[in-house]
């Protein structure tokens, strides 16, 4: 595998930013790792970070490079700061950056496939919200998405924010509007997709002791109501890297990656 730290300029953000990229490499003599690279244009997982992290965190807290080696899967990990993967009311256009600009830039730098069936997205916490939002708003671009301990019911999460500084923080992102029923509301999006002919597969997991567990139950129930193709996993666990390291491996095994 190739492990690349890529610094570049974003027109959408109007500033220099970074992404961490893992690329498949076919090898025959590397000790301790089996690599596979079966095509010229690689299948790609966009892997999203959480609220307090950046594009390096998945590589620092898990063995993601080792986990994807045998899959022949490229991984693109962008840096979006604390944006909730949203075009902020008072800030930068991180949704536009993520879904419109980043794939084009990444594919211009690296041999990545643009075919829907070759593109996946996943994330933890804030990144789980971003991953499902991307899949549900652009089902023509994403074949499968995963949320690990995701903030999936943001409309109610914002209303229930217990700390005053979080209320001010969410106001920077969404302004003063109630996002219920909008394209920022995942429960609305999944219900709105009930009659769609093109539905990305969804993988959702959350620990039963996680502070976002109720958030996850709300999304699970909405997906069930919409008869949406969702794989749902719950069990003991809190909001921590031991849980995410275990479950990113489960997600990768679940991914519908064909030869």
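The values are calculated or read from the model by the stated rules, or taken from the named source; none is laboratory data. Worth saying up front: this structure is predicted, and the values here are computed from it rather than measured. Here the Cβ is made from the backbone with ideal geometry for all residues, glycine too, and neighbour counts use every protein chain on show.
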**Request:** Would you be able to say whether some residue in the range 100-119 is closer than 23 Å to residue 52 by Cα, crowded, with 19+ Cβ neighbours inside 10 Å and touching a helix residue (DSSP H, G or I) at 6+ places or on another chain (Cβ under 9 Å)?
**Result:** no
**Output for the range 100-114, where each listed residue is closer than 16 Å to residue 257 by Cβ and either assigned to a loop (DSSP other than H, G, I, E, B) or free of Cβ contacts under 8 Å to residues at least 12 places away in the same chain (or both)** = 113
**Request:** Report yes if some residue within the range 72-94 is part of a helix (DSSP H, G or I) and modelled with pLDDT of 95 or more; otherwise report no.
**Result:** yes
**Item:** Leading residue by the ranking (nearest to residue 173 (Cα to Cα)) among those in the range 128-141 that are part of a loop (DSSP other than H, G, I, E, B) and free of Cβ contacts under 8 Å to residues at least 60 places away in the same chain
**Value:** 138
**Asked** Which of the residues belonging to the range 190-221 are surrounded by fewer than 21 Cβ atoms within 10 Å (Cβ to Cβ), assigned to a helix (DSSP H, G or I) and touching a helix residue (DSSP H, G or I) at 6+ places or on another chain (Cβ under 7 Å)?
**Response** 191, 218
**Request:** Restrict the check to the range 115-127 and report whether at least one residue is in a loop (DSSP other than H, G, I, E, B), at pLDDT 95 or above and in contact with a strand residue (DSSP E or B) (Cβ under 8 Å, 6 or more places away or on another chain).
**Result:** yes
**Asked** How do the pairs read when you match residues in the range 157-181 that are at negative phi and surrounded by 15 or more Cβ atoms within 10 Å (Cβ to Cβ) with residues anywhere that are part of a loop (DSSP other than H, G, I, E, B) and modelled with pLDDT under 90, using Cβ under 7 Å and keeping only pairs 6 or more apart or on different chains?
**Response** 170/161
